[in-house]
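Values quoted throughout were computed directly from the atomic coordinates according to the rules given, and no laboratory measurement underlies them. Treat the numbers as computed from the prediction; the structure is a model and nothing was measured.
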């Protein structure tokens, strides 16, 4: 990732501002693509968690000025539910593929249990939980390569991952944090970020200055609909 020296000053300011991070997850490797089965799971479980998160935010009186989310349906659906409960559906909303869930390469669309049976539980755990060991990459002509998805037709294909470790996910997410989210916080705005387990894990790791130790960051887990708040002390 390129050097971003000017953002050292901005980072210190941003850590004193309010952030709220929400995400929902399912038990398959479905970061970029959805099947009917995965959408069905999200509808029944993700909506319930999103509503709970929205009610908790409303109960505690939180207000927002701007929101960010990924371009994936489950994150957008979560945001819609939360914003409706908070009566803030008129907020400026910015969507970016850089906040998408981690891309699992050749594991895309596979059930975690079935993948463990095929490759061995220890190997799958290494791919999922180590910080810098990615799963096998997909080919550029593979249907699971994001560059072949119609919704990314106006984005240079070369920027999309063929598979990601947590390290590669962080290198994809943090530039968006630096360039788009942090400046809004520094401007004094109250920011809502609705994303996914691994993309939010990258931000939380950065904000809390967590080391690159694979075990620790790999096991930094949140429950679906989890709200993580950073505020001025």
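What is the distance in Å between the Cα centres of the range 159-209 and the range 41-109?
15 Å
So what's the convex hull volume per residue for the Cα atoms of the range 36-182, in Å³?
Value for the range 36-182: 145 Å³ per residue.
For residue 60 and residue 114 in one chain, what is 0.36 nm times their gap in residues minus the Cα-Cα distance, to one decimal in nm?
That pair, residue 60 and residue 114, stretches by 15.3 nm at full extension.
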